[in-house]
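Enquirer: Quick one: the structure is below, and I'll ask about it shortly.
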Amino acid sequence: MKRFIKNYTSYMRNEAGLTLVELLASITIFILILIPLSSVYVSGITTYGKTQVQTSLRNEADFIIGDIMDKLQNASYFDLDDGTDNTDKSDIFNVLKSGHVVTEANDTAFKKGVAVYTREVNYEKLNESSLEKVPVSILKKKVYQFSPTPSGKEDLYAPFSCDDSYLVYGLFRIIEENSDKNNKRVGIYLIIAPKKQNNDIIQNGQKTAFSNLAEIKAEVERLQSAQGTETATAESNVLFNYIYMVRTELSVNSLSQE
C-alpha cells in the first residue's frame, strides 16, 4: 500500500499540464474548423429564408388565381375592364415582359381588371295597387381589380382577394385559338412581391421588399443589367428571388358576346 502511494505521488509530481504553444495550437485548429462550419450555417439560414419567401409568393399567386377563377366561373358572363386602377398599364406590361412572362409587342390587348355580370331574380309588384308579384331579372355588374376600391363605389368595384403584406399587379387578355371565337381563353399575368414595411433590406444583392411598382421595375432592370437577361426564364424566375411573375390561362365559356 505504501509502495502504491509513493508511486502515485511521484506520478502526480511529474504530470505536466498543457504548454502555451499546445493551447494556442488547439485554439487555432478549433477556429479553422469553426469558420467553414459557420459559413455553411449562415448560408443555410439565408437559403432557407429565400426559399420560404419564394414559396409564400407562389402560394399567394395560387390563392389569387383561385379567387379569379371562382369569380369568373360564378359569373353569368364577364368582360375585361380597366376599372379605376390608375397604375400605368405599360409599366406592368414592361415588367412582365422583362420577366419573359409576356411576349406580345405591346399592351393594346391587355386590361387591368375584369367586369363580372351576374343575373338576379327579384319579385316585384306589377303596380302599387296590385298584390301579385312577378319575377324580374336584374343584371348586375361589378369590376374586380388589384387596386383599392374607390370610396363610395363599393357596389361597382371590388378588389381581388390578396394578402395585404404583398404588392400585387396584374393584367388580363383574351386569347383565341386560331381565330376561333368559340374557343377562347383568358390569360392572367401577375406580379407579386413582398410589401416594404420599414427600410430597405438587401440579401444576396437583391432587395427583399418594395413600396410600389416603380421600385419593382427599377430592381428588375438593375438585376437584368447586372446578370444578363438570358438568366431569367418564364418557368423559373431564377433571376428574381423576391419578385414572382407568373402567367396562366383559363378556358372560358361565359365571355360576353361581341
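Enquirer: Restricting attention to the range 179-234, which residues are within 26 Å of E249 (Cβ to Cβ), among the aliphatic types (A, V, I, L, M) and at pLDDT 80 or above?
Expert: V186, I188, L190, I191, I192, A193, L213, I216, V220
Enquirer: Looking at K140, is it of a type outside the set (D, E), within 30 Å of N212 (Cα to Cα) and surrounded by fewer than 17 Cβ atoms within 10 Å (Cβ to Cβ)?
Expert: On the way: of a type outside the set (D, E): yes; within 30 Å of N212 (Cα to Cα): no; surrounded by fewer than 17 Cβ atoms within 10 Å (Cβ to Cβ): yes.
Considered against the rule, which asks whether it is of a type outside the set (D, E), within 30 Å of N212 (Cα to Cα) and surrounded by fewer than 17 Cβ atoms within 10 Å (Cβ to Cβ), K140 comes out as no.
Enquirer: Oh, and also: Specify the residue that is farthest from the chain's Cα centre (by Cα); the eligible residues are those in the range 187-219 that are assigned to a loop (DSSP other than H, G, I, E, B) and hydrophobic (A, V, I, L, M, F, W, C).
Expert: Only one residue fits best here, namely I201.
The values are calculated or read from the model by the stated rules, or taken from the named source; none is laboratory data. Keep in mind that what you see is a predicted model, and the values were worked out from it rather than measured. Reconstructed Cβ throughout: ideal geometry from the backbone, glycine too, with neighbour counts over all protein chains shown.
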